[in-house]
There are 2 protein chains.
Amino acid sequence: MAAALALSERTRARTFPNPNVGCVLVRDGAVVGRGWTQPGGRPHAEAMALDEAGARARGATAYVTLEPCAHASPRGPACADLLVASGITRAVVALGDPDPRTDGAGLARLRAAGIAVEVGIGADAARRAMAGFLTRRALGRPYVTLKLALSLDGAAAMADGRSQWITGPEARAHAHLERARHEAILVGRGTWEADRPRLDVRLAGLEGRAPLRVVLSAGTPAAQERDPRWTSTPAGIASLPADHLLIEGGAGTAAAFLRADLVDRLLLYRAPILIGGGRTLPDIGLAALGDAHARWRLADSRQLGSDRLEVYERG
Amino acid sequence: MAAALALSERTRARTFPNPNVGCVLVRDGAVVGRGWTQPGGRPHAEAMALDEAGARARGATAYVTLEPCAHASPRGPACADLLVASGITRAVVALGDPDPRTDGAGLARLRAAGIAVEVGIGADAARRAMAGFLTRRALGRPYVTLKLALSLDGAAAMADGRSQWITGPEARAHAHLERARHEAILVGRGTWEADRPRLDVRLAGLEGRAPLRVVLSAGTPAAQERDPRWTSTPAGIASLPADHLLIEGGAGTAAAFLRADLVDRLLLYRAPILIGGGRTLPDIGLAALGDAHARWRLADSRQLGSDRLEVYERG
């Protein structure tokens, strides 16, 4: 299942509106097929893995990070049917698919065909790997990551707005990698007007990734453009064609999303410097200190050059 | 030498104006004497170790964290003379003593008596262990540690001043332990007027420690009291009877010391919370972002409950 989850990461944020699924087929202790949802959402992971395995799928165990779909579409048959036809004898599934067209029907079809089915192995990791898809299904909006590059004293910029550079090259390269894991990147209107940021992925091999650029603005622009796209409220992100949204600044925009409780993950790049009197996070509507606690859980931390990355998720 | 340095930590901030020295005597592979500067500064570490060793010092090696003193005083003879008289044959010394009454004369006296002398083993660790004494000798002021208990967004308090509690019990206990490592603790007048903080050491076994309380105030109070003592400028700390000064708040006082370049060490307790619009570090006189870099070097970090401690020293 760990291998299937790793495969699923290959197309994170590239399968919208489909989930990024991973699949590994194992027979007699050897991997006979590997698949992951392809960019654009098709073929599905199971179809790709079965295609690789061919006749070797007979008698195999399929490890799949999400319940195989039960619905055929013009773009391909239902994965549950493909698995039954392949002759696999066992399926290990991390999570059920909340899509109402599947939602248990995929597992039922496997069981009806005499396939042994286990569900729940690696469920937590699968929830994290498919957080975008699952957040869209559960809350009708993208999974939102807020990126902050801060000094030790919490400044995202000097008082006059200068922020180049707080963090070093290793942290900035990592931030570009994070861009590639999102379909859309949002900045506030102030940042947009001041910097006209490219918000692209400037890493070798990933130059082709061009996340949708979104600008948060209190006013509504005359025309809705494709790039950048404008949204007048944090809640407006629900209509974006994206399951993963990265918020890059500035501090007022960050606060607006926190105030609206629309942040699922914090990506904190911390430089070992003091700024003093800089631009820090404005009011987020906190009434008492006690309310601030137990909201964020440290999910990852690492050193990036002289900077420190800390990743927090909703607690 | 590591053992001698560990012994020297026992009386950090309790030997003013003397250095906190550690000494270990080793003969035939066995420790025959251990000593550390006693509270108040006497007896010295070497005298204590020699007292324990007695006749077993003959032929031993002395590991000392600082050059043995060459000056007798009404409170005791010179340690260099004691070591010579003891019959030790070798001395390993971490650092020379910058005190002009010794400053090489202690080592010379050992060598003149035929004792083999090595200097420099563990010098960096010794500089850290005796930072208070050495800073006083080099700069004529205490070694200054600035403590900050901050949220992820750098707030030391909510906008209205509430700061109980940002960090959890483990971090607060550690902060009390740090108080015991300082002869004096300073707060700003605002903090003093608002909280009248006790600034004592509320840890089992350390209740007797009562660091000198110091208040920074722009105006000069009518009379200089013993407790709290008042200082009108950060530079005024030079006259305190202390080689280790801990600055505990508020944000304005922290900024005043940073602006005056009078902070040697940062003690950052970071809670995994966001406050937003809180009290953050005000202007510290930074002209350009580039000037902020390479000033602080991470010396230690550890988890304290749900909080993170990071210790930075001048880079």
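The values are calculated or read from the model by the stated rules, or taken from the named source; none is laboratory data. Computed from a predicted model, the values in this text were never measured in an experiment. Ideal geometry is used to build each Cβ from the backbone, glycine not excepted, and the neighbour counts take in all protein chains shown. Accessible surface is based on the protein model in full, side chains and every heavy atom, while ligands, DNA and RNA are left aside. Shrake-Rupley method; radii C 1.70, N 1.55, O 1.52, S 1.80 Å.
Per-structure values
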| quantity | calculated |
| --- | --- |
| Scope region A:58-86; condition of a type in the set (Ser, Thr, Tyr) and within 25 Å of the chain's Cα centre (by Cα); matching residues | A:Tyr63, A:Thr65, A:Ser73 |
| Every pair of residues 6+ apart whose Cβ atoms lie under 6 Å, when the first sits in region B:20-33 and is in a strand (DSSP E or B) while the second is at pLDDT below 95 | none |
| Qualifying positions in region A:62-84 - among the hydroxyl-bearing types (Ser, Thr, Tyr), open to solvent by 20 Å² or more (accessible area, probe 1.4 Å) and closer than 15 Å to A:Arg34 by Cα | A:Tyr63 |
| Only listed residue being open to solvent by 10 Å² or more (accessible area, probe 1.4 Å) and modelled with pLDDT under 95, chosen from A:Gly40, A:Gly87 | A:Gly40 |
| When residues of region B:8-19 are limited to those that are in contact (Cβ under 8 Å) with a residue 40 or more places away in the chain and part of a helix (DSSP H, G or I), the one farthest from the chain's Cα centre (by Cα) | B:Ser8 |
| Among residues of region B:95-114, those that are farther than 15 Å from B:Ala85 by Cβ and crowded, with 20+ Cβ neighbours inside 10 Å, counted | 4 |
| B:Thr167 polar (S, T, N, Q) and either under 30 Å from A:Met158 (Cα atoms) or modelled with pLDDT under 95 (or both) | yes |
| Flag for A:Ser163 being among the small types (Gly, Ala, Ser), in contact with a Ser or Thr (Cβ under 8 Å, 6 or more places away or on another chain) and in contact (Cβ under 8 Å) with a residue 12 or more places away in the chain | no |
| Identity of the residue in region B:151-170, within 20 Å of A:Leu274 (Cβ to Cβ) and among the small types (Gly, Ala, Ser), that ends up nearest to the chain's Cα centre (by Cα) | B:Ala156 |
| Check on A:Gly161, surrounded by fewer than 19 Cβ atoms within 10 Å (Cβ to Cβ), at pLDDT 95 or above and farther than 25 Å from A:Leu298 by Cβ | no |
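Conditions (1) in contact with a Cys (Cβ under 6 Å, 6 or more places away or on another chain); (2) within 14 Å of chain B (Cβ to nearest Cβ); (3) buried (at least 19 other Cβ atoms within 10 Å of the Cβ), marked per residue:
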{"site": "A:Ala157", "(1), (2), (3)": "no, yes, yes"}
{"site": "A:Ile166", "(1), (2), (3)": "no, yes, yes"}
{"site": "A:His176", "(1), (2), (3)": "no, no, no"}
{"site": "A:Arg181", "(1), (2), (3)": "no, no, no"}
{"site": "A:Val187", "(1), (2), (3)": "no, no, yes"}
{"site": "A:Val201", "(1), (2), (3)": "no, no, yes"}
{"site": "A:Gly205", "(1), (2), (3)": "no, no, no"}
{"site": "A:Val215", "(1), (2), (3)": "no, no, yes"}
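For (1) in contact with a helix residue (DSSP H, G or I) (Cβ under 8 Å, 6 or more places away or on another chain); (2) over 25 Å from A:Asp103 (Cβ atoms); (3) open to solvent by 10 Å² or more (accessible area, probe 1.4 Å), each residue gets a yes or a no:
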| residue | (1), (2), (3) |
| --- | --- |
| A:Leu5 | yes, no, yes |
| A:Arg10 | no, yes, yes |
| A:Arg27 | yes, yes, yes |
| A:Trp36 | yes, no, yes |
